[in-house]
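The values are calculated or read from the model by the stated rules, or taken from the named source; none is laboratory data. These numbers were taken from a predicted model, which means no experiment stands behind them. For neighbour counting, all protein chains shown are included, and Cβ atoms are generated from backbone atoms with ideal geometry for every residue, glycine included.
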Amino acid sequence: MKTHSPTSPGAYHGRFAPTPSGPLHLGSLVAALGSYLDARANEGRWSVRMDDTDRSRSRPETIDTIMEQLEAHGLWSDDEMVLQSRRRDRYEAALEQLASAGRVYRCRCTRARLRDWAAEHGQRMGAIGPVYPGFCRKIDVAATERHALRFKVSDVERRVADRRLGTIRQALAREVGDPVLRRADGPIAYHLANVVDDGDMGITQVVRGEDLAPMTPLHVELAEALGLATPNYLHLPLINGPDGRKLSKTNHARPLDPSKAPENLDAAARVLGLTGPCQGSIDDRSIDDRLAGWSEEWGRRYPLSISPS
């Protein structure tokens with residue numbers, strides 16, 4: 001069993017890392033506000049990074065829109081925005097490092113093969129999706145073959161302390177399997193880019209949506225394999241749409257209207273359980289006053305001095 005020891009409180013650096021596949025919506029604002037308040041409550045830096053490695057999903061024209069939406073809501077980055085699409089060489093270097101350590105392998109399995117196998121044998125679903133059966137883990141797939149690169153997870157249970165959820169426990173080999181880090185058609189996977197960027201940026205606190213909590217033990221193991229520092233984690237509550245699914249761009253969540261920034265912030269604050277006016281009532285505080293009050297409240301609710309469970 002491996003226990004993740006959180007970073008000691010010190011020079012705080014947090015981030016908000018949306019995928020620029022469309023304008024921000026209320027669910028995005030909850031994540032942005034939570035991460036921003038955590039940084040301000042701890043007198044730290046807050047950065048914005050665009051997770052745009054997947055060109056099929058990203059829409060570059062929305063990047064400016066996202067930044068304008070954040071600034072209209074008083075959420076100003078302390079640093080220049082980071083674009084993952086400009087960091088491909090760094091991700092390739094990380095893959096080479098993992099390969100040298102024997103932690104990645106070439107996989108020639110196609111989606112069709114895995115789909116057919118699942119239909120015949122039954123698909124084992126894990127914490128973050130289907131668990132890879134491991135067909136290519138112990139064979140030597142030629143570099144000349146079309147292949148993806150998979151990360152070889154360890155056969156241990158990992159425990160990660162979360163400042164809101166408590167301890168996240170996960171047996172990676174059984175519950176996650178070996179994830180793809182670089183797809184056969186080229187794109188770098190979210191897991192690798194996210195971990196490398198957090199490490200390189202010196203991120204000490206990751207505050208993000210609860211839907212990403214099941215990925216956290218994997219991210220910790222990947223960071224350790226790369227020799228990168230691992231941050232503290234705090235996973236935020238989600239907003240569900242009318243269909244019960246997480247509010248997202250894929251299920252047509254409405255874009256944030258910057259002209260209604262105070263109302264939007266109040267709605268996001270209610271999701272986070274922060275003090276504010278009842279829905280439908282009027283709050284005449286400025287945006288800056290709202291953020292200042294919520295920052296103080298946040299610091300009392302989620303102090304940084306935690307220890308591993």
Check region 273-286 and report whether any residue there is part of a loop (DSSP other than H, G, I, E, B), over 30 Å from ALA93 (Cα atoms), modelled with pLDDT under 95 and under 18 Å from the mean Cα position of the chain (by Cα).
no
Checked PHE135, PHE151 against criteria (surrounded by 14 or more Cβ atoms within 10 Å (Cβ to Cβ) and under 19 Å from the mean Cα position of the chain (by Cα)); the one match is PHE151
Taking the stated definitions as given, is LEU181 of a type in the set (A, V, I, L, M), within 16 Å of the chain's Cα centre (by Cα) and within 23 Å of LEU37 (Cα to Cα)?
no
Residues within region 132-147 that are closer than 28 Å to GLU175 by Cβ and out of contact with any Asp or Glu (no Cβ under 8 Å at 6 or more places or on another chain), tallied:
8
